[in-house]
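Input: a single structure, listed below in structure tokens.
The values are calculated or read from the model by the stated rules, or taken from the named source; none is laboratory data. This structure is a prediction, so every number in the text was calculated from the model and none was measured. Cβ placement follows ideal geometry from the backbone for every residue including glycine, while neighbour counts extend to all protein chains displayed. When the accessible area is computed, the model is the full protein with side chains, heavy atoms only, and any ligands, DNA or RNA have been set aside. Shrake-Rupley method; radii C 1.70, N 1.55, O 1.52, S 1.80 Å.
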Amino acid sequence: PFDYAEQARLHLPSDLPEPNAPDYTARFIEAVVPIIEAARGGAFVLCTSHRALKQVAQTLRAKLTQNLYVQGEDDRARLLERFTKDGDGVLVGTASFWEGVDVKGRALRLVLIDRLPFAAPGDPVFEARLAAIRKAGGNPFFDYQLPDAVMMLRQGAGRLIRDSGDRGLLVIGDPRLRGKPYGRKVLEALPPMPRVNRDEALDWAATL
């Protein structure tokens, strides 16, 4: 129901390493701090792991002047309430903040996603599903892992625009969106918002 072409922009940082690089999270933080500063807060930073959440929270706390609201430091409902009332806060969260969260208005004007939300290996149910797909002659990545990640990414991106008057910027750090053949299909699954480069992203953020 929203006019994403008018209300939102998408930025994909161009200089980040592969997500498995040891310095990936640090580089992602470097890329998004100027954007948060340009927008003067109002940001969700959505992480795909608790390890990344801890690193992001620790670094942002040292770099930003805005109030930081971190998953695990208060219950979910209370964090959202405090973040919304603040108006210029920065909330750092993992899976529970990717969906079912509704913050309308200027309090949430940036959604910053560290990487594509592929399920972590090791879960017995997850591994059983992949094994069943292989046994049936399918491709676990394209038949299950990628569609599951796309659905989760759509949920996270959907936090940005919750009302006809909202305006915002979506940033996805994962360079696989630009460098992997499946990246185009992932982007096509997102709401149709114009892509902007770094300078344009900073300019747009400053208007939010």
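Cα-based Rg of the range 122-172 per 2.2 N^0.38 Å, rounded to two decimals?
Details: Rg = 16.0 Å, N = 51, 2.2 N^0.38 = 9.8 Å.
It is 1.64.
Quote to one decimal, in nm, the extra length available between ARG178 and SER14 on full extension: 0.36 nm per residue of separation minus the C-alpha distance between them. Kindly include the intermediate steps, with their values, before the conclusion.
Working: separation 164, 0.36 × 164 = 59.04 nm, distance 0.82 nm.
This chain segment gains 58.2 nm when fully extended.
For q values of 0.14, 0.23 Å⁻¹, compute log₁₀ I(q)/I(0) with the Debye formula on a Cα-only model of the range 70-130, without solvent.
One equal scatterer on each Cα of the range 70-130 leads to -0.51, -0.99.
When the chain is treated as a GNM, springs tying every alpha-carbon pair under 10 Å, which of LEU91, LEU46, LEU130 comes out with the largest mean-square fluctuation?
Looking only at LEU91, LEU46, LEU130, the biggest GNM fluctuation is shown by LEU130.
What value does the range 140-208 have for Rg/Rh, both radii from Cα atoms and Rh as Kirkwood defines it?
Computed over Cα atoms, the ratio is 1.00.
Using a simple charge model, +1 on the beta-carbon of Lys and Arg, -1 on the beta-carbon of Asp and Glu, nothing else, what dipole does the range 60-208 show about its Cα centre, in debye to the nearest 20?
Taking the Cα centre of the range 60-208 as origin, the dipole is about 360 debye.
For the chain, what size does the Cα cloud have along each of its three principal axes, sorted from largest down, in whole Å?
51, 36, 34
Starting from the Cα coordinates of the range 92-208, work out the convex hull volume and express it per residue in Å³.
Numbers: hull volume 14.3 nm³, N = 117.
Hull volume normalised by residue count: 122 Å³.
For the range 52-154, what D do you get in µm² per second when you plug the Kirkwood radius from alpha-carbon pairs into Stokes-Einstein at 10 °C and 1.306 mPa s?
Result for D is 100 µm²/s.
Would you tell me the accessible area of THR207, worked out with a 1.4 angstrom probe on the heavy atoms of the protein chains, in Å² to the nearest 10?
80 Å²
Under unit Cβ charges (Lys, Arg +1; Asp, Glu -1), what dipole magnitude, rounded to 20 debye, does the range 143-208 have relative to its Cα centre?
Rounded to the nearest 20 debye, it is 160 debye.
Given H placed on each backbone N at 1.01 Å, which residues far from LEU91 in sequence or on other chains put an amide H within less than 5 Å of it?
For LEU91, whose amide H was placed from the backbone, the distant partners under 5 Å are ALA43, PHE44, VAL45, TYR69.
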